[in-house]
1. Out of all the residues in the stretch A:1-52, which are of a type in the set (Gly, Ala, Ser) and in contact with a Cys (Cβ under 6 Å, 6 or more places away or on another chain)?
2. Which of the helices (runs of 4 or more DSSP H) found entirely inside the stretch D:1-101 contain at least 2 residues meeting this: within 30 Å of B:PHE320 (Cα to Cα) and among the small types (Gly, Ala, Ser)?
3. For the stretch B:265-281, enumerate the residues that are open to solvent by 40 Å² or more (accessible area, probe 1.4 Å) and free of Cβ contacts under 8 Å to residues at least 12 places away in the same chain.
4. Any residue in the stretch B:67-83 that is more than 9 Å from chain D (Cβ to nearest Cβ) and modelled with pLDDT of 90 or more?
5. Any idea which residue in the stretch B:176-215 is modelled with the lowest pLDDT, counting only those that are hydroxyl-bearing (Ser, Thr, Tyr) and under 20 Å from B:LEU314 (Cβ atoms)?
6. Tell me which residues, restricted to the stretch B:3-20, are without any contact (Cβ under 8 Å) to a residue 24 or more places away in the chain, open to solvent by 10 Å² or more (accessible area, probe 1.4 Å), touching a helix residue (DSSP H, G or I) at 6+ places or on another chain (Cβ under 6 Å) and hydrophobic (A, V, I, L, M, F, W, C).
7. For residues that are more than 7 Å from chain B (Cβ to nearest Cβ), surrounded by fewer than 20 Cβ atoms within 10 Å (Cβ to Cβ) and aromatic (Phe, Trp, Tyr), tally how many sit in the stretch D:1-46.
8. If only one of C:LEU57, C:LEU28 is within 7 Å of chain A (Cβ to nearest Cβ) and surrounded by fewer than 22 Cβ atoms within 10 Å (Cβ to Cβ), which one is it?
Amino acid sequence: MYYVASIAILVTMALALARALLGPTGYDRVLAVNMFGTKTVLLLSVIALLYGRADFLDLALAYALINFIGVLAVLKFVQQHALRHFKTNKEA
Amino acid sequence: MTTVFGIFLLTLLLVTAIGIVRAKDLFVAVMLSGIYSLQIAAVFFILDAADVALTEAAVGAGVAAVLMLGALALVTREERPATGPRRLALAVVALTALLVVYATFDQPRLGDPGAPVHQHVAPWYLAETARLIDVPNVVTAILASFRGYDTLGELFVIFTAGIGVMFVLAVPRDARNGEEPSIDSAGLRHHLIPRVVGRLLVPFIVLFGLYVQFHGDYGPGGGFQAGALIATGLILHALIEGERAALRVVHRNVLLGLIAGGALLYTGVGIAGMLLGGRFLDYSVLRADPVAGQHLGILLVELGVGMTVTGVLLTIFHAFAARASVR
Amino acid sequence: MSLVLDSASFVLFVIGGAFIFTGGLGVLRMPDLYTRMHPAGITDTTGTILVLAGCLLQADLGLVTVKLAAILVFLLLTAPTAAYALANAARLAGVVPLRAAPRREDAAR
Amino acid sequence: MIEVFGLFNYWVFAALLMTGLYTVIAKTNLVKKMIGLAMFQSAVFLLYITMDKVEGGTAPILRNDVPGQIYSNPLPQVLILTAIVVGIATLALGLSIVVRIHEAYGTIEEDEAAKMDRE
């Protein structure tokens with residue numbers, strides 16, 4: 001039963017990885033990373049139940065809580081870049 | 001069946017690794033490293049290493065990405081087409097690869113219970129932990145008590161790395177205060193949705209970090225994972241509100257106190273054991289009952305680890321961020 | 001009772017797996033970033049709800065249920081936030097939606 | 001199954017190790033070198049964690065409800081657990097030095113910086 005869900009998740013991980021490798025823009029890759037992260041949360045929950053050690057759900061919980069911080073860091077990174085660009089354009 | 005999952009994930013891992021090396025844009029390389037970390041954490045979990053997977057999750061998902069992007073913001077993003085000694089490198093790598101693959105044929109098969117690793121001290125740890133220390137998580141017991149000396153060494157490596165980053169990226173005090181607050185350090189305040197959700201989640205992340213810290217004797221967790229998680233939560237706060245606001249909440253001196261205090265606490269517990277008539281880092285003498293002494297010692301030592309890791313990771317984050325604002 | 005629960009979670013897993021797989025396919029096949037965000041959103045919300053609901057039916061009542069519910073709630077909170085941040089970052093960096101771009105070559109990196 | 005794939009983990013370890021080594025040797029970009037170093041490091045993590053697995057075992061967190069439960073080896077896990085956090089701290093130190101090199105030379109390509117040193 002758990003295998004159905006795990007196999008679907010694993011195949012989707014492969015598809016997301018393909019998108020991450022193909023690009024074309026950096027943001028497609030960010031999207032793929034984020035999607036890969038949520039799929040990892042699901043995979044870890046399903047495998048924790050499959051192993052019969054439900055106390056290991058802590059791992060999935062950790063990912064569910066902090067996985068999106070990477071995307072926020074990207075937003076901040078782009079914002080800094082755009083700002084610096086704007087400043088140098090104004091000076092020039 | 002899970003073995004097959006592991007093999008599938010490892011294949012994806014290899015593809016990702018080659019993608020990282022081939023990426024010309026360093027931003028892309030950093031993003032692919034994020035996927036790499038997720039995959040390897042899942043592999044660790046499938047291979048029964050729940051504690052290690054939790055550490056990789058706590059470190060790889062938040063701190064690593066933020067740190068790499070923080071460094072990338074300070075250097076150029078594009079990699080120049082390589083002119084390095086590629087032929088020579090390939091030859092060296094191929095030769096080494098042959099040697100390593102040849103050596104793997106002597107390795108015991110995956111999961112072989114008769115492998116030499118499982119014959120040495122590990123069975124003793126598994127058998128005696130319940131009697132001597134009485135915590136279910138054997139990893140925590142070995143980390144904090146049986147091999148506490150090793151962990152002390154690792155903690156001082158982290159301590160030293162933190163101090164090193166502080167020295168290398170130090171910003172002169174007048175440069176820090178003289179400049180008017182730029183939008184650079186204002187964070188993501190004007191983005192309503194991340195701000196609301198982030199503010200909601202920061203306490204939960206820190207709370208979960210504390211749970212991992214103090215539940216580490218019973219489930220996967222401990223000081224290293226908790227430190228990374230708490231640091232991630234505070235980094236999220238800093239990303240949303242800007243570094244200046246974050247530093248007003250958790251002041252630089254508090255961070256320094258955490259770094260030094262954690263290392264001191266760990267060493268102090270060791271010395272307390274000596275003063276009470278035991279050996280260095282022998283917790284049995286801390287209380288009248290040896291097992292209760294072990295519990296107290298592990299709790300304090302893990303707390304020290306958590307403090308130092310939190311302090312070091314946050315200091316590193318602020319060091320990179322401060323460098324960006326003076327440029 | 002356990003047979004009912006088992007078949008219910010089996011159905012949830014199958015539907016959830018189907019949603020997740022379609023979403024993955026969509027992320028691979030859609031023409032540009034903004035359209036790709038839509039199938040990614042499907043896997044992050046519908047697929048997540050279904051698979052975790054299937055897990056919830058299997059778990060014993062107690063701490064495990066609370067943890068699974070927490071995972072579900074946090075994922076449903078963070079996934080849209082991440083999507084918002086991503087779309088904002090891409091827009092700020094000058095990624096133009098497919099229809100809005102006069103020619104494909106103009107869509108900046 | 002185990003017989004055929006019993007060594008697969010070690011081969012992936014070897015391949016990752018070599019990918020990291022190649023990156024460190026052949027790439028001149030210092031950030032890329034740091035990423036290669038991290039990859040080399042994680043290959044070693046994989047080697048250790050592969051060794052800890054025992055067939056039919058579970059993670060070494062003792063459970064009293066299942067008698068005769070086999071546990072995987074906790075010792076490699078302890079070593080790697082600390083090494084991961086040490087790895088991120090040292091990575092940060094390396095990156096901070098790269099940042100300073102960029103400030104001093106205006107480049108993060110190793111050969112360009114070396115050329116400036118010679119001139």
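1. The answer is A:SER45, and nothing else.
2. D:8-26, D:30-52
3. Those that are open to solvent by 40 Å² or more (accessible area, probe 1.4 Å) and free of Cβ contacts under 8 Å to residues at least 12 places away in the same chain: B:ILE271, B:MET274, B:LEU275, B:LEU276, B:GLY277, B:ARG279.
4. yes
5. Looking at residues that are hydroxyl-bearing (Ser, Thr, Tyr) and under 20 Å from B:LEU314 (Cβ atoms), I get B:SER185.
6. B:ILE7, B:PHE8, B:LEU14
7. Residues flagged as more than 7 Å from chain B (Cβ to nearest Cβ), surrounded by fewer than 20 Cβ atoms within 10 Å (Cβ to Cβ) and aromatic (Phe, Trp, Tyr) within the stretch D:1-46 amount to 1.
8. C:LEU28
The values are calculated or read from the model by the stated rules, or taken from the named source; none is laboratory data. It should be emphasised that the depicted structure is a prediction, and the values quoted were computed from it without experimental measurement. Positions of Cβ are generated from backbone atoms using ideal geometry, with glycine treated the same way; all protein chains shown enter the neighbour counts. Side chains are part of the model used for accessible areas, which takes the heavy atoms of the whole protein and leaves out ligands, DNA and RNA. Shrake-Rupley method; radii C 1.70, N 1.55, O 1.52, S 1.80 Å.
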